[in-house]
Amino acid sequence: MSYNEWDQLTKVIVGIADNAKIPDVDISLRCVNYADKIDETEIIKGPYPQRVIDEANEDLDTLCKFLQKENVEVLRPNDTDCNYYNFCPRDSVFVYGDLQMATPMPIRARRGEWRAFEHHLTNPVNIRCYHESSLYNTDCIGNKDVLALTEFEPAFDAANILRANDNVLYLVSNSANRLGSALLQGALGDKAKVHKLENVYSFMHLDSTVAFLKEGLLLANPSRIKSKDDLPGPFKKWDIIWCPEPVDIGHYPRYCNSSTWINMNLLSVNTKLVVLEEQQEPTRIELEKHGIECAMLPMRHARTLGGTFHCVTLDLERKANV
Ligand code: NVA
């Protein structure tokens, strides 16, 4: 069982880069992924370059070996063909205790992405998104103050959520609407309260804005979170480590799926050890001041593919107090 982002990790799914591609642009991809691009012709379609796929797979294998040495059971998705990718299992399934929810992902091409690792889930619940055109607001293109999703139906990627036992943080952004947070609250019942984080970051996913390190301690992106007051509910009372400016590791020419802040996208093995992208020395120094050791591992295509160690994993089991 896994109820938070920091207890001792014991079982995890690590993504794979095989068959990663950028699908044809439809309204869902245009609004959710590429609202920041005014010129649609800048969006490249088709398979990622083979070099990207091969190097990303090498780095994922390095992560797997590291986790296995830490006595973590590592599982992988199938390498079957897909419409988008299986690089980021974090995006498609929300795990909280025995709840394993395949979330209603708003990008049509990502529908069913979780099936590549369904065989590792014990009791998955699949929540469909219907991808009606009324779900999308094309006014978001070129305007980060207009969100991509309307409230036509619940829609969210699992990577818009972070877990902290009784409390869960949910980013309302281009990849998650408010109806989605209500649906999540219904699924969690009284086991955890969903707190909406709003008006801090419009684009995809929460895990380059906030990382939970242990109960009462989080790492925050100071370009998005300006003060504790931006955080909802109990998180206002947490201690904050302000993440230093990330080191830009660059991206494959013309392929860029994330900001430089993808480099704060760490995976906690436990409260004293995290996996961090190997060039993020300033962040390592800051975390180590707080007694958190950093395993510095490569993820050369983090910005190209849009995922570092939190994104490319999905923790199925963590053990408290070991
Ligand atoms: N879209 C985010 C990365 C999400 C993990 C960013 O570009 O910062």
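The values are calculated or read from the model by the stated rules, or taken from the named source; none is laboratory data. Note that the structure is predicted; figures quoted are calculated from it, not measured. Neighbour counts are summed over all protein chains in view; Cβ atoms, including those assigned to glycine, are modelled from backbone coordinates with ideal geometry. Note: accessible area is taken over every heavy atom of the protein model, side chains too, but ligands, DNA and RNA are not part of it. Shrake-Rupley method; radii C 1.70, N 1.55, O 1.52, S 1.80 Å.
Taking segment 76-151 as the region of interest, the strands (runs of 3 or more DSSP E) fully inside it that hold 2 or more residues being within 23 Å of D7 (Cα to Cα) and in contact with a Pro (Cβ under 7 Å, 6 or more places away or on another chain) are 99-102. Quick one: in segment 3-49, which of the residues that are β-branched (V, I, T), out of contact with any helix residue (DSSP H, G or I) (no Cβ under 9 Å at 6 or more places or on another chain) and open to solvent by 50 Å² or more (accessible area, probe 1.4 Å) is nearest to A211 (Cα to Cα)? Selected residue: I38. Checking the stated criteria, A159 turns out not to satisfy the condition of being at pLDDT 95 or above, small (G, A, S) and closer than 20 Å to D26 by Cβ.
Answer yes or no as to whether R76 is in contact (Cβ under 8 Å) with a residue 24 or more places away in the chain and surrounded by fewer than 14 Cβ atoms within 10 Å (Cβ to Cβ).
Details: in contact (Cβ under 8 Å) with a residue 24 or more places away in the chain: yes; surrounded by fewer than 14 Cβ atoms within 10 Å (Cβ to Cβ): no.
Taking the combined requirement at face value, the residue does not satisfy it.
Just one of R108, R115, R163 is touching a residue at least 60 places away in the same chain (Cβ under 8 Å), within 27 Å of Q8 (Cα to Cα) and among the basic types (K, R); which is it?
Values: R108 fails: within 27 Å of Q8 (Cα to Cα); R115 fails: touching a residue at least 60 places away in the same chain (Cβ under 8 Å).
Every option except R163 fails the conditions.
Out of everything in segment 302-319 that is over 17 Å from V74 (Cα atoms) and open to solvent by 10 Å² or more (accessible area, probe 1.4 Å), what residue ends up being nearest to the ligand (Cβ to nearest atom)? Walk me through it before giving the result.
Narrowing segment 302-319 to residues over 17 Å from V74 (Cα atoms): 302-307.
Right, trim to open to solvent by 10 Å² or more (accessible area, probe 1.4 Å) and you get 303, 306.
Details: R303: 8, G306: 6 Å.
Among them, the one singled out is G306.
Here is a yes/no grid of residues against (1) in contact with a strand residue (DSSP E or B) (Cβ under 8 Å, 6 or more places away or on another chain); (2) more than 20 Å from N33 (Cα to Cα):
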{"site": "N177", "(1), (2)": "yes, no"}
{"site": "A192", "(1), (2)": "yes, yes"}
{"site": "M204", "(1), (2)": "yes, no"}
{"site": "L218", "(1), (2)": "yes, yes"}
{"site": "W261", "(1), (2)": "no, no"}
{"site": "L267", "(1), (2)": "yes, yes"}
{"site": "V275", "(1), (2)": "yes, yes"}
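When restricted to residues that are within 16 Å of the ligand (Cβ to nearest atom), open to solvent by 10 Å² or more (accessible area, probe 1.4 Å) and farther than 14 Å from P106 by Cα, segment 139-162 contains 1.
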